[in-house]
Amino acid sequence: MSFSLIDADPYLKDFEGDIDLRMQNYARVRRNLLGTKKSLLDISENHKYYGFHQADGGWYYRENAPGADEMYLVGDFNGWDRFTHRMKRRKNGDFEIFLPGKDALKNGQNIQTLVYSHGKALERIPVYADYVVQDAETHQWCAQLFVPDKKYHWKKRSFHPQKPLLIYECHIGMAQDKFGVGTYKEFTENVLPRVAKLGYNTIQIMAIAEHPYYGSFGYQVSNFFAASSRFGTPDDLRELIDTAHELGIAVLLDVVHSHLVKNTREGIAEFDGTDYRFSPHGAKGNHPAWGTRLFDYAKPEVLRFLLSNLRYWMEEYHFDGFRFDGVTSMLYHNHGLGQDFDNYKKYFSLNTNTDAVTYLQLANELVHELDSDAITIAEDTSAMPGLALPIADGGIGFDYRMAMGEPDFWIKTLKEKKDEDWDIWNIWYELTSRRPGEKVIGYVESHDQALVGDKTVMFRLCDKEMYYGMEKKKQNLVIDRGVALHKMIRLLTLTAGGDGYLNFMGNEFGHPEWIDFPREGNNWSYQYCRRQWHLVDDPKLRFEDLNNFDAKMINFVKENRILAGAPENLWVSQKDKVLIYKRRGKIFAFNFDPKRSYEGYHIPADAGKWKLEFSTDDKEFGGHGRCSAQTYDSFRWEDKTGFKVYLPSRSGLVFSRESD
């Protein structure tokens, strides 16, 4: 069988059989899952059957727990009596109980499941609980019924995301300036307006699914159908998403289907008393690096659980898609740990978890069947071929993949090379090299590069000088360099590094220091687990300049749909430290030399009049104002067409043709 994946990348010809097997596995698992059903929509509704549901005359509660001998429902409604509400065992390991009366269960009541398995009584939180709270005194977690008097009324019922994607990655809890956990409502009121003003058209929210350990950044999920109660109620989250849509901002969920927290009291691990309900049995079910449990993607019931989870977030909360975390860990049995993917054989070996590949294909099919405008993004460090190509072409079906090599490249460059030693050709190669036909989200840094023990790009550039050198009236060479390179690196990565762009909240204005969640090691401090908006709001500080520049470049790229085209190399000079390229008719010229400015530098360009749109050196963005806003006439020289400009050191310039 021939696949477009192979046509796009001839190196895959030797692995045509492996790709064919990938597609056979997908077709076989899909066929077995569907049975007599016609669509994945028909088998992705677990959440509408299991869990708590009101019916005429009362309430149903259902669970699937094949390893359980008996199950009981306990809670506020029965005075926490362990034995009054026994659940009936049905076929296929299902348990069910019906509580007669409309008020048998009420809003705000705490609920728990008692599972008897192999002679042990196990306290569990219902698997499909949609709201889970932690007691302030005992610190125990418990499901809580959330059934407000009025169902949330969506103001924006229909929404279509803008593309290309300009993503503002965010964490609700640390999105406020206060020393504490931020809320959905505070984010809606205080942060969304900032995002809209900056020009981003998408937010990607971390840590939404409930997680017992706050410092896990939401990556050790306990309750997959529960929006974290730390930040407010489910309706508060709905209001946040609704408001974002009204502002023209799409909302992506950072979804974690790569593993689950091993906690049995809080999570779904060993829910029915066995360790193989959701995971492979024994040691095979453990993640060796993360201290978590793995999902068993070979099990049909696990596939239905995960597919239903995606559908739940889209239908119940109107999320516009997902960024899938930890895809590398899913794709390989060794989770990519210590693995160099330096040849194609390593993508198609016994190390490849073909069951996980099939799940990801099914997940992408379902998401796009639910909403053809939905967005899926893969976080993969291995560069698996076809990850962001359509399933019909032999791919895995994601819309985009994260360009994870880009932040690593910038960190390595800043750490290991002097400014005068930067390799301009290598910069161009690292930013523009892609898997054929696959779209990528480019970025300088995400939350990963800002965690404790690491540094943001701005802090790496300026370090301790940021504490006393960021006042606009002060002269500081370290800060001058940092501000200049911060803008240049971002503009270059945005306009050459991908088909979309991502920024982590606060990094647009050079947020100082790292992210450190409250823990015993820092005396449970929120000092570094917040966003210091007061810095960017202070007109005396240079953070404002960086913020203004970010807004300028984001809105310029959005309004001119720069990322809809491909970057075209016009000129690279290692000697001059100059890089010039074109994208969607605009010309971008960068001079990375730390000292040398060039008078009358030739810019290759089509015939016509060209104007300077803006530059990183403009005074309004904290620059020196060495570039004048003027029109340039192109002319012929050495069989080429172009115009001459003054190209200052450490600057990036953007030009448009006047006829455009």
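The values are calculated or read from the model by the stated rules, or taken from the named source; none is laboratory data. Being a predicted model, the structure only gives us computed values, none of them experimental. Glycine also receives a Cβ, built like all others from the backbone with ideal geometry; neighbour counts cover every protein chain displayed. Just the protein is used for accessible areas: all its heavy atoms, side chains included, with ligands, DNA and RNA removed. Shrake-Rupley method; radii C 1.70, N 1.55, O 1.52, S 1.80 Å.
Brief remarks on what is shown
- Being part of a helix (DSSP H, G or I), among the aromatic types (Phe, Trp, Tyr) and at negative phi is a property that Phe588 lacks.
- Long-range neighbours under 8 Å by Cβ, at least six apart or interchain, first residue closer than 21 Å to Gln162 by Cα within segment 230-246, second among the basic types (Lys, Arg) and part of a helix (DSSP H, G or I): Glu239/Lys185; Leu240/Lys185
- Where Met470 falls short, out of the listed (1) open to solvent by 10 Å² or more (accessible area, probe 1.4 Å); (2) more than 30 Å from Tyr400 (Cβ to Cβ): (1)
- Leu41 passes every criterion in (1) at pLDDT 95 or above; (2) open to solvent by less than 40 Å² (accessible area, probe 1.4 Å) apart from (2).
- Taking segment 423-467 as the range and being open to solvent by less than 30 Å² (accessible area, probe 1.4 Å) and either charged (D, E, K, R) or in a strand (DSSP E or B) (or both) as the test, the residues that pass are Glu438, Val440, Ile441, Gly442, Tyr443, Glu445.
- Contact annotation: residue pairs with Cβ atoms under 7 Å, 6 or more positions apart or on different chains, pairing a residue in segment 505-530 that is at positive phi with a partner that is aromatic (Phe, Trp, Tyr) and surrounded by 16 or more Cβ atoms within 10 Å (Cβ to Cβ), are Gly510/Phe543; Glu513/Phe459; Glu513/Tyr528.
- Residue in segment 267-289 that is assigned to a helix (DSSP H, G or I), modelled with pLDDT of 95 or more, open to solvent by 20 Å² or more (accessible area, probe 1.4 Å) and of a type outside the set (Gly, Ala, Ser) present: yes
- Checking each residue of segment 513-521 against the condition of being surrounded by fewer than 17 Cβ atoms within 10 Å (Cβ to Cβ), in contact with a Leu (Cβ under 9 Å, 6 or more places away or on another chain) and within 18 Å of Asp177 (Cβ to Cβ) gives at least one match.
- Evaluation of Arg401 against the conditions (1) part of a loop (DSSP other than H, G, I, E, B); (2) surrounded by 22 or more Cβ atoms within 10 Å (Cβ to Cβ); (3) within 16 Å of the chain's Cα centre (by Cα) shows that the sole unmet condition is (1).
- Check on Phe77, among the aromatic types (Phe, Trp, Tyr), out of contact with any helix residue (DSSP H, G or I) (no Cβ under 7 Å at 6 or more places or on another chain) and either at pLDDT below 95 or crowded, with 18+ Cβ neighbours inside 10 Å (or both): yes
- Residue match in segment 225-244 (condition: acidic (Asp, Glu), under 20 Å from Met174 (Cβ atoms) and open to solvent by less than 20 Å² (accessible area, probe 1.4 Å)): no
- Taking (1) open to solvent by less than 10 Å² (accessible area, probe 1.4 Å); (2) closer than 30 Å to Ile515 by Cα; (3) over 22 Å from the mean Cα position of the chain (by Cα) in turn, Cys529 satisfies each apart from (3).
- Filtered residue count, segment 187-197, keeping only those that are open to solvent by less than 40 Å² (accessible area, probe 1.4 Å) and over 20 Å from Asp254 (Cβ atoms): 1
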